[in-house]
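Notes for the one structure printed next.
The values are calculated or read from the model by the stated rules, or taken from the named source; none is laboratory data. This is a predicted model, so every value here is computed, not measured. Neighbour counts run over all protein chains shown; Cβ positions are idealised from the backbone, glycine included. All accessible areas refer to the heavy atoms of the entire protein, side chains included, with ligands and DNA or RNA removed. Shrake-Rupley method; radii C 1.70, N 1.55, O 1.52, S 1.80 Å.
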Amino acid sequence: KPMNTPLHGLYAITPDGSAPQLLTQQVDAALRGGARIVQYRDKTRASAQQSEIARALLALCHGYGARLIVNDDLPLALALIMTASAAGLGALVCYAVKANSSLAILNVFARLGAGFDIVSGGELQRVLAAGADAAATPSLF
């Protein structure tokens with residue numbers, strides 16, 4: 001499914017603390033049930049484990065044509081978009097602008113082909129000023 005098509009369906013947010021295998025099973029079930037966006041949030045794990053889980057979630061989302069949003073963790077988001085970009089899946093990963101709206105940071109994500117999760121017109125203006133394609137900004141909530 002093209003990444004610039006309108007999204008309809010569920011928006012799933014991962015819980016903190018689930019065992020990695022259980023979390024991927026839960027996300028798989030949410031995707032089978034119609035989730036079109038998965039937001040990975042995890043404030044409790046070490047970064048190496050977060051990265052491993054995020055890559056597994058990226059693979060799941062890719063299989064269902066859903067988007068993966070990473071927020072609250074700039075290094076993880078950057079590593080994941082680099083992985084996705086190298087695999088030609090850049091717009092599959094969306095960076096939550098509210099986590100860090102620095103034009104320099106947003107420009108790096110835009111150049112890597114990331115999508116952006118935005119919640120206001122001001123965030124949209126920042127994303128566009130950073131050089132992002134409006135079509136790569138699928139989520140305005």
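Data for the structure
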item	result
Accessible area (Å², per residue) of the range 30-69, counting only protein heavy atoms and a probe of 1.4 Å	43
Cα-based helix-to-principal-axis angle, 47-64 vs the chain, degrees rounded to 10	80
Dipole of the chain [Lys/Arg +1, Asp/Glu -1 at C-beta], most positive-end residue of Leu23, Leu74, Tyr11	Tyr11
Highest-fluctuation residue, Leu60, Leu74, Leu22 considered, GNM on the chain with Cα pairs under 10 Å	Leu22
Distance between modelled label sites at Ala86 and Ala29, nm, 7 Å Cα→Cβ extension	3.3
Cα-based helix-to-principal-axis angle, 20-32 vs the chain, degrees rounded to 10	70
Accessible surface of the range 4-132 [probe 1.4 Å, protein heavy atoms]: carbon and sulfur percent	56
Cβ charges +1 (Lys, Arg) and -1 (Asp, Glu), total dipole of the range 8-115, debye	200
25 °C / 0.890 mPa s Stokes-Einstein diffusion coefficient of the range 14-54, Kirkwood radius on C-alpha pairs, µm²/s	231
Within-10-Å neighbourhood charge of Lys98 [Cβ basis; K, R +1; D, E -1]	-3
List Thr24, Thr14, ordered by accessible area with a 1.4 Å probe, largest first	Thr24, Thr14
Inter-probe distance in nm under a simple model that places probes 7 Å from Cα toward Cβ, at Gln49 and Asp16	1.3
Formal net charge of residues neighbouring Phe116 (Cβ-Cβ distance under 12 Å; K, R +1; D, E -1)	0
